[in-house]
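Student: Quick one: structure below, then a few questions.
The values are calculated or read from the model by the stated rules, or taken from the named source; none is laboratory data. Everything numeric here is computed off the predicted structure, so don't read it as measured data. Ideal geometry is used to build each Cβ from the backbone, glycine not excepted, and the neighbour counts take in all protein chains shown.
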Amino acid sequence: MRDLILPTARFSPVQRIHANQKAILFDVMDTLVADPFFRGFHADLFGFSSVKQLFEVKDQQSFLAFESGAITEDEHFATYFCDRRPVDGAKIRSYLSSRYEWKEGMKELCIELRDAGILMAAFSNYPAQWAPLVEDAVALSTCVPWGYISGERGHRKPSAEAFEGALAAVGCSPDEVVFVDDSRTNVEAAQALGIPSIRFESEPLLRTALKDFITW
């Protein structure tokens, strides 16, 4: 595999145009970008009738380790299933790469926020070796620079270490950001740390909720 240039290498904190405006920490999968795993992956690649059926035989600890950087992509593919049946890793990468896309309305919203001078950063639970696939597919960093990837930094949401790392990446304190994620667990963890948070459901609802925190 070619050497990786991790997306977070493209991020550097910038001075907010409006110092009184909160920065936004965005989750990526199923907040900014649709996750291909939950959109036919189980059937298209493995012939399972449901995601539940795939989860019954998939080694979930393997993916969590991959997502936190504890194992490599090759090690993840070698331990993908509980019974260690072989998988075609290249086919999985190709499938994911071809199906990442912006969630409806989110690219347009992020462009508006970017052009208004709102500081934004992506804060993602995702493998370091797969984040570049997302970047190549949707050019996320042109709207929302990558700030924190769990597979690069070693900690996943909802851990306090992950939130502390993301705040450090953007140079903000908890009360200077608003966190947006589709996961209730992650949102509640952020709120427990004093981070204002919004649970993502759709672009229109998020647009309305953000107006309680920022003006653009």
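Student: Is segment 20-33 home to any residue that is more than 24 Å from V178 (Cα to Cα) and not aliphatic (A, V, I, L, M)?
Tutor: Among the residues of segment 20-33, not one is more than 24 Å from V178 (Cα to Cα) and not aliphatic (A, V, I, L, M), which makes the answer no.
Student: For segment 88-99, does any single residue satisfy the condition of being at pLDDT 95 or above and under 22 Å from P158 (Cβ atoms)?
Tutor: no
Student: Please determine whether any residue of segment 190-213 is part of a loop (DSSP other than H, G, I, E, B), among the basic types (K, R) and surrounded by 21 or more Cβ atoms within 10 Å (Cβ to Cβ).
Tutor: no
Student: So which of E56, E73 is acidic (D, E), free of Cβ contacts under 8 Å to residues at least 12 places away in the same chain and not assigned by TED's automatic domain parsing to the domain that holds G154?
Tutor: Just one listed residue meets the conditions, E56.
Student: Report, by residue number, each residue of segment 13-53 that is modelled with pLDDT under 95 and surrounded by fewer than 11 Cβ atoms within 10 Å (Cβ to Cβ).
Tutor: Correct list: Q15, I17, A19, N20.
Student: So, one more: Out of all the residues in segment 69-81, which are closer than 20 Å to F38 by Cβ and in a loop (DSSP other than H, G, I, E, B)?
Tutor: Y80
Student: So which helices (runs of 4 or more DSSP H) are wholly in segment 91-171 and hold at least 2 residues that are free of Cβ contacts under 8 Å to residues at least 40 places away in the same chain and buried (at least 17 other Cβ atoms within 10 Å of the Cβ)?
Tutor: Filter on segment 91-171 gives 160-170.
Student: Tell me which residues, restricted to segment 54-74, are at negative phi, surrounded by 13 or more Cβ atoms within 10 Å (Cβ to Cβ) and not polar (S, T, N, Q).
Tutor: Once the filter is applied, which keeps residues that are at negative phi, surrounded by 13 or more Cβ atoms within 10 Å (Cβ to Cβ) and not polar (S, T, N, Q), segment 54-74 yields L54, V57, K58, D59, F63, L64, A65, F66, E67, A70, I71, E73.
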